[in-house]
Amino acid sequence: MSGTLAEKVWDAHVVRRGTDGAPDLLYIDLHLVHEVTSPQAFEGLRLAGRPVRRPDLTLATEDHNTPTLDIDRPIADATSRTQIETLRTNAAEFGVRIHSLGDADQGIVHQVGPQLGLTQPGLTVVCGDSHTSTHGAFGALAFGIGTSEVEHVLATQTLPLAPFKTMAITVDGRLPEGATSKDIILAVIAKIGTGGGQGYVLEYRGEAIRALSMEARMTICNMSIEAGARAGMIAPDETTFEYLKGRPHAPEGADWDAAVEYWRTLHSDDDAVFDAEVVLDAADLEPFVTWGTNPGQGLPLSADVPVPEQIADANERVAAERAIEYMGLTPGQPLRSIKVDTVFIGSCTNGRIEDLRSVAKVVQGRKKADDVRVLVVPSSARVRLQAEAEGLDKIFLDFGAEWRNAGCSMCLGMNPDQLAPGERSASTSNRNFEGRQGKGGRTHLVSPLVAAATAIRGTLSSYADLGTGRPAPDGSPLTGPAADLQTV
Amino acid sequence: MEKFTQHTGVGVPLRRSNVDTDQIIPAVYLKRVTRTGFEDALFAAWRGDPEFVLNQDAYRSGSVLVAGPDFGTGSSREHAVWALKDYGFKVVVSARFADIFRGNSGKQGLLAAQVAQEDIELIWKILETRPGTEVTVDLVARTVQCDDVVVPFHVDDYTRWRLMEGLDDIGLTLQHVDEISAFEERRESWRPATLPAKHLPPVEIKAARPVEVAIGRRPA
């Protein structure tokens, strides 16, 4: 049978085909739960007297609200504390496994699934969080859902879903020096727009994608939602299998062999037909940054802030005017001239060990710009442990950065990690919406390498701007005694 | 869920594209554990501006929101739908909706009516020229009527049926519980399960403490 990767995974999970316009009923292999979008879903179950159908396919973590300082003390914010306590109570009552603050497996839900080996090729993965698309990097069909759907999955382990269309995003060529997977996805979103992926599952493929590590692939799939797509996928390959092997929940022995044999069938066939196709040449890319208030408002770092009068489309022109005003920028101003107050390194987009390593390699032996605060927030407690085992924490502290506990943190500012009104950040996260990182805060989305260079110079900068003459660092371990530790 | 066939109410023109769910309800309001009481959080950042459309008397009691394209992008928070409903909105009209927002709306009985942008421009003009004009949205006929303008809207057949019948999704699915059980029988045994839990050895996580660092240039 020929088909796209997304269609193969879809077809393998159809419990019941919809007729007369009704959606298919799809089985869900893995349901990830966090404190913000679940309380009303558990309450719904309780009111209806329904159990969680498959607690053994469900996993809860605390991430959105959790503080990144003083995690051993009671959470100061009463409403945050209530929400966390509600999740703990619900997990206990319904028999759901939970990794709470202070537990070594606590962290952002989209890091915890992969690091435990629960996220595997060919699965259907859902979570009440739009960045669930992250798990598509393994060749899983993974997408965010609302609270009513969370309740639906808890009660039935299925979801009624109307079919998606498929879009191939082919990235040929090789990334130039200093450009990363973050720059690929920012360029894709700038090209197709924040609505360009609506109704589609995106499949990323091509030479530049194949060359990426698992973590870099996760960054790309993570931001599929910012192009309006609910899911992004990458066909599994040796890189995927290598990442999974030996993780706590990866199959073992004969099961591993059976799984790999199946996983190797998970790719779009040569004659598969996509509903849409976009082609990019990675060689044309350079570090990308956003200038506006949606992730589609991005440009290469060498460009200038757009001049609204030069934008033909009336809606886009108005949106650009509004964004430039909110961001406190001047039309035509070089992006490189923008001074920032805060650099945030973290989130489910770019808070993994490879991201922290590449930042550490850039900032090692240097000092941050005087008037910039730098927050480094690992995506999970295990990532924090790993970074400390490799000595990265000392590099960050010597640099003048703050080294925090794991969580979503300043990506969305539900905990105390927020921008003040008018404050400007360079952020490795995923959304630059108005007020996303704190009321009145101004966000520029960047890659970890741009974040590191910006923290040093104080203005939006690329690695090349540092003039080291050395190649841009990658996410491989720093050389040294701790470098051979198992990565998380 | 209440049955929905037709609704008439004051139309509110929201001339903005890409209204993301962080604008509909900022994250600080997501900490509640209830499903109601979010009306104060709707468009919280914009409500501080006296010029904002919902702060004008003629639109204050609006129940049909007519917005620019790409409404409801971003976060999956269903709180966005709850906030719109709690404020009193029954219908949102836009040329394009984000997928998750559209799905959440359907589950909660908020109609996401997709109307061509040129038709929205016509409706905007009427609502802005004569503030307080009522809009009638007919789910049976799939039309939006504003004054003498009658335009069609799109909503998928299944969502339309469920809204008109006021049906609960979970109840519908549980009618097929035998098929779900049969599927579970066929599932490969090597597919992962979260229980029994497996993980690397537990390790104590040290708490980070506040440190004295130079704070960024915070505007006075």
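A few notes on this one:
- Residue A:85 satisfies every condition listed in (1) within 7 Å of chain B (Cβ to nearest Cβ); (2) outside any loop (DSSP other than H, G, I, E, B) except (1).
- When B:22, B:49, B:99, B:40 are checked against the criterion of being under 23 Å from residue A:41 (Cβ atoms) and more than 10 Å from chain A (Cβ to nearest Cβ), a single residue qualifies: B:40.
- Single residue of the stretch A:40-79 satisfying the filter (polar (S, T, N, Q) and over 26 Å from residue A:125 (Cα atoms)) that is surrounded by the most Cβ atoms within 10 Å (Cβ to Cβ): A:68
- Selection within the stretch A:96-152 - outside any loop (DSSP other than H, G, I, E, B) and of a type in the set (A, V, I, L, M, F, W, C): A:98, A:109, A:112, A:125, A:126, A:127, A:137, A:138, A:141, A:142, A:143, A:150
- The listed residue being at pLDDT 95 or above and either more than 8 Å from chain B (Cβ to nearest Cβ) or under 19 Å from residue A:149 (Cα atoms) (or both), out of A:12, A:48, A:22: A:12
- Residues that are more than 18 Å from residue A:233 (Cα to Cα) and touching a Pro at 6+ places or on another chain (Cβ under 9 Å) within the stretch A:252-281 comprise A:257, A:258, A:259, listed in sequence order.
- Residues satisfying the stated conditions in the stretch A:303-342, i.e. within 25 Å of the chain's Cα centre (by Cα), within 17 Å of residue A:287 (Cβ to Cβ) and polar (S, T, N, Q): none
A quick yes/no check of all residues on (1) crowded, with 19+ Cβ neighbours inside 10 Å; (2) without any contact (Cβ under 8 Å) to a residue 60 or more places away in the chain:
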residue: A:239; (1), (2): no, yes
residue: A:247; (1), (2): yes, no
residue: A:254; (1), (2): no, yes
residue: A:265; (1), (2): no, no
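- Screening the stretch A:370-446 for strands (runs of 3 or more DSSP E) wholly inside it with 2 or more residues that are modelled with pLDDT of 95 or more and within 7 Å of another protein chain (Cβ to nearest Cβ) returns no ranges.
- Filter result for residue B:121 (of a type in the set (D, E, K, R), surrounded by fewer than 16 Cβ atoms within 10 Å (Cβ to Cβ) and within 22 Å of the chain's Cα centre (by Cα)): yes
- Residue match in the stretch B:83-102 (condition: over 20 Å from the mean Cα position of the chain (by Cα) and within 26 Å of residue B:25 (Cα to Cα)): no
- The one condition from (1) over 20 Å from residue A:151 (Cα atoms); (2) aliphatic (A, V, I, L, M); (3) modelled with pLDDT of 95 or more; (4) crowded, with 19+ Cβ neighbours inside 10 Å that residue B:54 does not meet is (4).
- Residue check for residue B:170: under 30 Å from residue B:94 (Cβ atoms) and touching a residue at least 24 places away in the same chain (Cβ under 8 Å): no
- Scoring residue A:72 on the criteria (1) closer than 28 Å to residue A:221 by Cα; (2) in a loop (DSSP other than H, G, I, E, B) leaves a single failure, condition (1).
The values are calculated or read from the model by the stated rules, or taken from the named source; none is laboratory data. What you are looking at is a predicted structure, and each value in this text was computed from that prediction instead of being measured. Every residue, glycine among them, receives a Cβ derived from its backbone with ideal geometry; neighbour counts consider all protein chains shown.
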